[in-house]
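The values are calculated or read from the model by the stated rules, or taken from the named source; none is laboratory data. Since the structure is predicted, the reported quantities are computational estimates derived from the model, not experimental observations. All Cβ positions, even for glycine, are placed from backbone atoms using ideal geometry, and neighbour counts span all protein chains on display. Quick note on the areas: whole protein, heavy atoms, side chains included, nothing else; ligands and nucleic acids left out. Shrake-Rupley method; radii C 1.70, N 1.55, O 1.52, S 1.80 Å.
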Amino acid sequence: ARLHGDTVAKDADIGAGILLHDRRDRFLLAERQDGRGFVPPGGLVDDGEPYIHAALRELAEELGIDLEERDLRLLGVYPTIGKNGTPAVSVIFHAEIPSDQSTTVDPFEVAGIRWFTSDELGPNVIPF
């Protein structure tokens with residue numbers, strides 16, 4: 001997979017995720033299994049799968065949170081590094097959730113979750 005300027009090679013990994021935000025100005029992030037930090041819940045888009053469906057599917061798989069398409073807004077599309085160190089692209093959506101949102105963390109998908117304040121976001125947060 002290669003990025004060429006602002007275009008993406010057709011074999012590039014494409015991920016989709018959701019940046020979850022509450023009314024207390026906190027962000028719910030998932031800890032990566034590989035120990036490389038915290039990320040918005042998400043994962044790879046399956047062939048032919050719409051990005052928004054992939055983001056919703058991954059959120060349900062990783063954290064047990066079910067949202068609807070209408071709950072999301074596109075935040076942006078970002079270059080990143082894939083699992084094998086190759087260039088990839090992440091499509092990130094945003095959703096507001098309640099501060100007391102219940103979750104069911106899948107330990108095979110993520111190592112854990114944590115709420116971050118805006119001030120805490122930085123080097124511990126990486127794109128997936």
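Compute the signed sum of charges (Lys and Arg +1, Asp and Glu -1) over the other residues within less than 13 Å, Cβ to Cβ, of Glu109.
Result for the neighbourhood of Glu109: -4.
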Treating only the Cβ of Lys, Arg, Asp and Glu as charged (+1, +1, -1, -1), what charge dipole size does the range 34-121 show about its Cα centre? Round to the nearest 20 debye.
340
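Where both residues lie in the chain, what percent of DSSP beta bridges are antiparallel, nearest 5?
70
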If one compares the long axis through the Cα atoms of helix 51-63 with the longest principal axis of the Cα atoms of the chain, the angle in degrees, nearest 10, works out at 50
Carbon and sulfur atoms: what percent of the 1.4 Å accessible area of the chain do they account for?
50
Hz values of 3J(HN,Hα) by residue in the range 102-110 - Karplus curve (6.51, -1.76, 1.60), Gly and Pro given as x
7, 9, 10, 6, 8, x, 7, 9, 9
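Using a probe radius of 1.4 Å on heavy atoms only, what accessible surface per residue do you get for the chain? Whole Å² is fine.
Averaged over the residues of the chain, the accessible area is 58 Å².
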